[in-house]
Amino acid sequence: MKMGFPHGDSVMAQAVRDHDWAVSPLGPTTQWPSPLRHAVDLMLGSPESMYVVWGDALTLFYNDAYAPILGPRQAQALGNL
């Protein structure tokens with residue numbers, strides 16, 4: 001089964017795939033710049049807690065290891081800051 005972008009089967013990789021990015025300032029993932037796609041893939045594949053904040057809208061991405069740090073804010077954190 002081909003997963004597409006982002007690569008991997010982590011909880012947050014799936015969350016990024018499921019998120020409706022078309023309604024965000026970034027637009028659909030197919031239109032994201034290569035540096036953002038690479039940064040998100042690298043961050044999601046890391047076992048260390050990591051996050052990426054991108055663009056003027058400060059769009060937040062984070063990996064599975066970072067999720068506990070967000071605590072109750074995690075539910076609304078993806079794509080926001």
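Bear in mind these aren't lab numbers, they're just calculated from the coordinates by the rules spelled out. If you're wondering where the values come from, they're calculated on a predicted model, not measured in any experiment. Virtual Cβ from ideal backbone geometry, glycine too; neighbours counted across all protein chains shown.
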Return the only residue of L81, L36, L60 being assigned to a loop (DSSP other than H, G, I, E, B) and in contact with a Leu (Cβ under 8 Å, 6 or more places away or on another chain). L81
Have a look at W32, W21 and point out the one that is buried (at least 16 other Cβ atoms within 10 Å of the Cβ) and touching a helix residue (DSSP H, G or I) at 6+ places or on another chain (Cβ under 6 Å). W21
Output yes when any residue across the range 39-60 is surrounded by fewer than 17 Cβ atoms within 10 Å (Cβ to Cβ), in contact with a helix residue (DSSP H, G or I) (Cβ under 9 Å, 6 or more places away or on another chain) and of a type in the set (S, T, N, Q), and no when none is. yes
Would you call D9 surrounded by 13 or more Cβ atoms within 10 Å (Cβ to Cβ) and either of a type in the set (D, E) or assigned to a loop (DSSP other than H, G, I, E, B) (or both)? no
All positions within the range 41-72 that are within 16 Å of V11 (Cα to Cα) and either touching a residue at least 60 places away in the same chain (Cβ under 8 Å) or acidic (D, E) (or both): D41, E48, D64
